[in-house]
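S.K.: Starting off with a structure, shown below.
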Ligand code: 475
């Protein structure tokens, strides 16, 4: 791809110009942050041309468009990624070098946009990258939170949250688009009017509060194809003319309230992962961005089409979990109240436009809004949901006459609650899980009743990740090596080609090169750790990594208990052969999740003791990387030897970190959970380390009330010792209470939850054995290299390009676009 804007001379001039007009400075005088801004604006200039060209192509082709509705987009930094996808990274790096500017240092100036918690938000970001790269028309629709995911500091071993003021220096890649603002209304009451002229009942919302939603657009650049889609995130603003009106009426209070509502609504991302907190403000956020996005989509459709009945031919709303599920009722409201359609017509359109993805079966993540809260905040939307529910229950009764159990289990409104998943399933034409095992569990356990009633809706879409960010950008050394070995760059847009690397699985020279790159990446991470943690780690040791959100089901506790066990072993048998290991953790805990925070403290306490014990000769190191986020993730994946994917089987819907490790040549140490199952299928059981209960076994235990961890505790002295060390002061300067709660959680039933409900002690031995196999395998240098390389070679399935193509083929049915640009100079 040729772009004259990236010609070195022109680009340098552009950067100089930007520094001058933005800051009245020369390049030499500018701060690194100012240089980041100046470079980014120069890159944006180039992107804008393609963005316009893409919009023009849309106007010409009138393609069907997917609106990916998501409360979260965990984008990570834009500058480097945009340069890569514009295929200008190298050119720009050289141009900047010549100016004495280090592109890496400039990239580090960009705040990490963290408008998401974890897997679900990052998946949305990978999907946008793939949609643009494959040439499909797509909008990401979300919220422009003022504060994204908090920044994590570790103080005295404890997590401390500080606000993430990511917009402080301005965001050079966004465009404010005031002209597309939409009004969103909350509360008040519904007056029913009969309109003689049209012979119809009208529903008029009055006494409501409202805010103005203002869209900010960010470009989503496809790889090497001039295709630029849009991430549209909404800001909230008080409606000033309303305010004046209120002043006129002397309603000062209401004016101030509206001002406050606007300010609070987009203030901050809720930091819960896989967890529902039931906060009213969260529901406001949901309706706010959903209503604005759907209004905008319908308005855009109507600008060039006159038959609203054909909306499903051009528009698709994909709901990223249940968080945007009010979309179905909002679309109904617009079709009924604003377009004047009858119920059946409106329902027919809505159910052809909406589809739902489920991302978790954790019971505590299910959204169930209290009806009184919901109906007060969204009175008209609630009426519509009542009617959807009423009609659905009639269907259930027709299908299962006399079976009131079914009605109770399946109703949308039940027990004073609005069950959002039920609404999404009833109104969506597609319900998908995110890995094969997860979808099977949905069909046969969690959503069994719905699957039996409407099996045709259910389908699987195994997750994927983008190789542009997680290999090209994160691991340039390996990316170049892959290109050299395959003799083509085509893997960048066709990851199945990676299988060509299998040819090198028995080639000693290639294996040595592969491991040499791994070693260099481990040095890069070791530098990062020294700089950020002040801990020295040996890049020759095994880098065993678990990075992901902190959650009990992900079992970071199992990992650290095993480290404690290894430490005991080394102390008890100093002569024992032991391959040096570095255990690396990175995880944010939701601010209110006390037990998760205790686990972070425990990891740091174990690190303190182990890292400072001279007697073990540095055989064991433990590192907790502060503020795990997309930007340091890229460095971490590239440097990992072992990928820890050790969730309690059945709990991790898919996992996507597992795929990023695999891509970067780290074998999985994991349970048969989520997409691990498919990873093992691709790479072969010999090139992974699998342990633990199966999902069936876990589900079985759960159905029969759990198991008895006390038996294990009493019969396995090594396990007993480790568990006792939680309360004997070993890791707490003699404090026997600091980890009492963790100790209790493993051994005692507590209130509603069973002792060791995540089967940590049950899986411990099997995990320790798998870890032993890792050590043995690693000692065989070439054998390990082979496993590592085969992981990279077999990762083809796990590109989000494949996932998106499946969504397009089975659910979305989008039209491919070829953006035409003037490339006469090429
Ligand atoms: C799964 N987040 C992973 C990933 O499909 C899976 C956010 C807000 C409120 C409640 N929950 C969330 C999730 O549920 C979530 O991130 N789920 C994750 O989605 C992508 O790979 O297994 O845990």
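The values are calculated or read from the model by the stated rules, or taken from the named source; none is laboratory data. Here the structure is a predicted model, which is why all the values come from computation and not from measurement. Cβ atoms come from the backbone with ideal geometry, glycine included; neighbour counts cover every protein chain shown.
S.K.: Would you point out which residue out of 99, 75 is closer than 27 Å to residue 289 by Cβ and in contact (Cβ under 8 Å) with a residue 12 or more places away in the chain? Give the derivation first.
M.R.: Numbers: 99 fails: closer than 27 Å to residue 289 by Cβ.
From the options 99, 75, the qualifying one is 75.
S.K.: When the residues of region 341-366 are filtered to those that are part of a loop (DSSP other than H, G, I, E, B) and in contact with a strand residue (DSSP E or B) (Cβ under 8 Å, 6 or more places away or on another chain), which remaining residue is nearest to the ligand (Cβ to nearest atom)?
M.R.: Within region 341-366, the match that is nearest to the ligand (Cβ to nearest atom) is 359.
S.K.: Which residues, counting only those in region 651-698, are farther than 19 Å from residue 799 by Cβ and within 11 Å of the ligand (Cβ to nearest atom)?
M.R.: Scanning region 651-698 gives 651, 652, 673.
S.K.: Same structure, new question: If you scan region 443-460, which residues turn out to be surrounded by fewer than 16 Cβ atoms within 10 Å (Cβ to Cβ) and touching a residue at least 40 places away in the same chain (Cβ under 8 Å)?
M.R.: Residue satisfying the conditions is 445 alone.
S.K.: Another question, if that's okay. Could you check region 43-78 and list, in sequence order, the residues that are at positive phi and either more than 16 Å from the ligand (Cβ to nearest atom) or not in a loop (DSSP other than H, G, I, E, B) (or both)? Walk me through how you get there before you give the answer.
M.R.: If we filter region 43-78 for residues that are at positive phi, which is where we start, we get 62, 76.
Selection gives 62 alone.
S.K.: Still on this model: Taking residue 561 as the residue in question, decide whether it is more than 16 Å from the ligand (Cβ to nearest atom), crowded, with 24+ Cβ neighbours inside 10 Å and within 26 Å of residue 725 (Cβ to Cβ).
M.R.: On the way: more than 16 Å from the ligand (Cβ to nearest atom): yes; crowded, with 24+ Cβ neighbours inside 10 Å: yes; within 26 Å of residue 725 (Cβ to Cβ): yes.
Yes: the conditions hold for residue 561.
S.K.: Let me ask another. Restricting the search to region 611-650, which residues are on the phi > 0 side of the Ramachandran plot and within 14 Å of the ligand (Cβ to nearest atom)?
M.R.: In the first step, residues of region 611-650 are kept if they are on the phi > 0 side of the Ramachandran plot; the result is 617-618, 627, 650.
Within region 611-650, just 650 meets the criteria.
S.K.: I'd like to know if region 740-750 contains one or more residues that are touching a residue at least 12 places away in the same chain (Cβ under 8 Å), more than 25 Å from residue 635 (Cα to Cα) and within 16 Å of the ligand (Cβ to nearest atom).
M.R.: Within region 740-750, none of the residues are touching a residue at least 12 places away in the same chain (Cβ under 8 Å), more than 25 Å from residue 635 (Cα to Cα) and within 16 Å of the ligand (Cβ to nearest atom).
S.K.: Give the residues of region 407-435 that are in contact (Cβ under 8 Å) with a residue 12 or more places away in the chain and assigned to a helix (DSSP H, G or I), sorted by residue number.
M.R.: Across region 407-435, the qualifying residues are 407, 409, 410, 420, 421, 422, 423, 424, 425, 426, 427.
S.K.: If you don't mind, another one. Here is a list: 622, 610. Which entry is part of a helix (DSSP H, G or I), in contact with a helix residue (DSSP H, G or I) (Cβ under 7 Å, 6 or more places away or on another chain) and in contact (Cβ under 8 Å) with a residue 24 or more places away in the chain?
M.R.: Details: 622 fails: part of a helix (DSSP H, G or I).
None of the others qualify; the one that does is 610.
S.K.: In region 339-359, which residues are in contact (Cβ under 8 Å) with a residue 24 or more places away in the chain and farther than 16 Å from residue 457 by Cβ?
M.R.: Residues satisfying the conditions are 339, 340, 341, 343, 345, 349, 359.
S.K.: Something else now. Quick one: would you say residue 316 is part of a strand (DSSP E or B), more than 16 Å from the ligand (Cβ to nearest atom) and either in contact (Cβ under 8 Å) with a residue 12 or more places away in the chain or touching a strand residue (DSSP E or B) at 6+ places or on another chain (Cβ under 6 Å) (or both)? Spell out how you get there, then give the answer.
M.R.: Values: part of a strand (DSSP E or B): yes; more than 16 Å from the ligand (Cβ to nearest atom): yes; either in contact (Cβ under 8 Å) with a residue 12 or more places away in the chain or touching a strand residue (DSSP E or B) at 6+ places or on another chain (Cβ under 6 Å) (or both): yes.
So residue 316 passes the test.
Here is a yes/no grid of residues against (1) outside any loop (DSSP other than H, G, I, E, B); (2) surrounded by fewer than 14 Cβ atoms within 10 Å (Cβ to Cβ):
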{"position": "674", "(1), (2)": "no, no"}
{"position": "677", "(1), (2)": "yes, no"}
{"position": "701", "(1), (2)": "yes, no"}
{"position": "710", "(1), (2)": "yes, no"}
{"position": "714", "(1), (2)": "yes, yes"}
{"position": "743", "(1), (2)": "yes, no"}
{"position": "762", "(1), (2)": "yes, no"}
{"position": "767", "(1), (2)": "yes, no"}
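S.K.: Return the residues of region 100-132 that are part of a helix (DSSP H, G or I), over 21 Å from residue 228 (Cα atoms) and within 16 Å of the ligand (Cβ to nearest atom); say none if nothing qualifies.
M.R.: 119, 120
S.K.: Determine which member of the set 223, 180, 194 is surrounded by fewer than 20 Cβ atoms within 10 Å (Cβ to Cβ), touching a helix residue (DSSP H, G or I) at 6+ places or on another chain (Cβ under 8 Å) and farther than 29 Å from residue 591 by Cα. Steps first, please.
M.R.: Details: 223 fails: surrounded by fewer than 20 Cβ atoms within 10 Å (Cβ to Cβ); 194 fails: touching a helix residue (DSSP H, G or I) at 6+ places or on another chain (Cβ under 8 Å).
Step by step, each of 223, 180, 194 is checked, and only 180 is surrounded by fewer than 20 Cβ atoms within 10 Å (Cβ to Cβ), touching a helix residue (DSSP H, G or I) at 6+ places or on another chain (Cβ under 8 Å) and farther than 29 Å from residue 591 by Cα.
S.K.: Wholly within region 177-232, which strands (runs of 3 or more DSSP E) include no fewer than the required count, namely at least 3 residues that are under 30 Å from residue 493 (Cβ atoms) and within 27 Å of the chain's Cα centre (by Cα)? Talk me through it step by step, then tell me what you get.
M.R.: Working: elements: 182-186, 189-195, 200-206, 209-221.
By residue number, 209-221.
S.K.: When you check residue 164 against the structure, is it modelled with pLDDT of 95 or more and not assigned by TED's automatic domain parsing to the domain that holds residue 375, yes or no? Before you say what the answer is, go through the steps one by one.
M.R.: Details: modelled with pLDDT of 95 or more: yes; not assigned by TED's automatic domain parsing to the domain that holds residue 375: no.
Considered against the rule, which asks whether it is modelled with pLDDT of 95 or more and not assigned by TED's automatic domain parsing to the domain that holds residue 375, residue 164 comes out as no.
S.K.: Kindly indicate whether any position in region 638-655 is assigned to a helix (DSSP H, G or I), touching a helix residue (DSSP H, G or I) at 6+ places or on another chain (Cβ under 7 Å) and surrounded by 21 or more Cβ atoms within 10 Å (Cβ to Cβ).
M.R.: Pass one, region 638-655, residues assigned to a helix (DSSP H, G or I): 638-639.
Then keep just the ones that are touching a helix residue (DSSP H, G or I) at 6+ places or on another chain (Cβ under 7 Å); that gives 638-639.
Narrowing the set further to residues that are surrounded by 21 or more Cβ atoms within 10 Å (Cβ to Cβ) leaves 638-639.
For region 638-655, residues assigned to a helix (DSSP H, G or I), touching a helix residue (DSSP H, G or I) at 6+ places or on another chain (Cβ under 7 Å) and surrounded by 21 or more Cβ atoms within 10 Å (Cβ to Cβ): present.
S.K.: Please find, among 575, 598, the residue that is over 19 Å from the mean Cα position of the chain (by Cα), more than 16 Å from the ligand (Cβ to nearest atom), within 12 Å of residue 159 (Cβ to Cβ) and not in a strand (DSSP E or B). Quick ask: steps written out before the conclusion?
M.R.: Details: 575 fails: within 12 Å of residue 159 (Cβ to Cβ).
Residue meeting the stated conditions: 598.
S.K.: Looking at 208, 252, 276, 223 in this structure, which one is within 16 Å of the ligand (Cβ to nearest atom) and either assigned by TED's automatic domain parsing to the domain that holds residue 341 or touching a residue at least 12 places away in the same chain (Cβ under 8 Å) (or both)? Let's see the steps before the verdict.
M.R.: Values: 208 fails: within 16 Å of the ligand (Cβ to nearest atom); 252 fails: within 16 Å of the ligand (Cβ to nearest atom); 223 fails: within 16 Å of the ligand (Cβ to nearest atom).
After ruling out the rest, the residue left standing is 276.
S.K.: Restricting attention to region 208-217, does a residue exist that is crowded, with 24+ Cβ neighbours inside 10 Å, farther than 19 Å from residue 148 by Cβ, at pLDDT 95 or above and touching a helix residue (DSSP H, G or I) at 6+ places or on another chain (Cβ under 9 Å)?
M.R.: So far as region 208-217 goes, yes, one or more of its residues are crowded, with 24+ Cβ neighbours inside 10 Å, farther than 19 Å from residue 148 by Cβ, at pLDDT 95 or above and touching a helix residue (DSSP H, G or I) at 6+ places or on another chain (Cβ under 9 Å).
S.K.: Okay, next question. I'm trying to understand the selection: among the residues of region 578-595, which are touching a strand residue (DSSP E or B) at 6+ places or on another chain (Cβ under 9 Å) and assigned to a loop (DSSP other than H, G, I, E, B)?
M.R.: Just the residues of region 578-595 that are touching a strand residue (DSSP E or B) at 6+ places or on another chain (Cβ under 9 Å), to begin with: 578-589, 591.
Result: 578, 579, 580, 587, 588, 589, 591.
S.K.: Okay, next question. Mind checking whether some residue in region 729-740 is assigned to a helix (DSSP H, G or I) and surrounded by fewer than 22 Cβ atoms within 10 Å (Cβ to Cβ)? Write out each step before concluding.
M.R.: First, the residues of region 729-740 that are assigned to a helix (DSSP H, G or I): 740.
Filter once more, keeping what is surrounded by fewer than 22 Cβ atoms within 10 Å (Cβ to Cβ): 740.
Yes, region 729-740 has at least one match.
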